[in-house]
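See structure below.
Just so it is clear, none of the values below were taken in a lab; they were calculated from the coordinates. All values derive from a computational prediction rather than experimental measurement. Positions of Cβ are backbone-derived with ideal geometry, glycine not excepted, and every protein chain shown enters the neighbour counts.
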Amino acid sequence: MSFMLRALPLAATLLVTTALGAAPRASADPLADLMRMLPSGYSSDSCKPATSKVALAAVECQDNSVPDGPTYATYTLYRDYNGMYDAFTAGLKSPTWAPATCPGKQSSDPAAVLGSDGKQYGFIACGRGTGADWQAKDGAVAWTRNADHFLGVAYVGYQGQAYPASLFNWVRAQQIESDCAASGGKYTAWHGDAGIYYSNCCFQDHCDEYVDGTYQGRSPG
């Protein structure tokens, strides 16, 4: 199994997802649920529904407009945690995925991501494309939002020998912003000197501070 999906018309995807059963939430429209979960930076025609044998809904998206965003990405919504996790780990074993060490990490193994409450929020892993279209999908990041049963895989084209850290920072920004909103905080992000990416999630009495997606501690609100 790989992370690749096959695009198809909207009506066909609705039939596929409905046949698989309702998502474990109030909505009976998994595709609409998934579209609401997508990162910012996509226009109304950026994403197309795609087939998946195991997901409730799946889309392929092109050319995210946010700085450092992916040129291609797939997003999928699963019935439960096990389905999401199995798809995540299977994709990392695909022959078209070569593990890479994420910026700030010590190994290429998938890493758990903690939310602002200290609980596990999801997983993240970095890779390099090895398929026939590797130049278009050279840098890659796969990540999950465990509570939502959401899996995202984002790619950028070849940018040189070094792993494209900017894509990793874009993904981490999505994770931090989503977790911040769920916790009732206000998210802010900015680029500093030497390409360093800063962000924080502020509450009434404190701010959680991040540098290049890594938690640094709390500062007064």
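Details
- Inter-part distance, the range 59-74 to the range 127-145, computed on C-alpha centroids, equals 12 Å.
- Distance between modelled label sites at Lys93 and Phe203, nm, 7 Å Cα→Cβ extension: 3.9 nm
- Rounded to the nearest whole Hz, the Karplus-based 3J(HN,Hα) values (6.51 cos²θ - 1.76 cosθ + 1.60, θ = phi - 60°) of the range 180-197 follow the sequence 4, 4, 5, 8, x, x, 10, 9, 9, 9, 7, 8, x, 5, 6, x, 6, 9, with x at glycine and proline.
- The chain - charge dipole about Cα centre, Lys and Arg +1 at Cβ, Asp and Glu -1, debye rounded to 20: 480 debye
- Ranked packing of 75-84, 189-198, most packed first, by mean Cβ within 10 Å: 75-84, 189-198
- The range 27-149 shape via C-alpha gyration tensor axes, a/c threshold 1.5: rounded
- Its DSSP H runs of at least 4 residues, each contributing -39,500 (n - 2.57), put the calculated 222 nm mean residue ellipticity of the chain at -7000 deg cm²/dmol, to the nearest 500.
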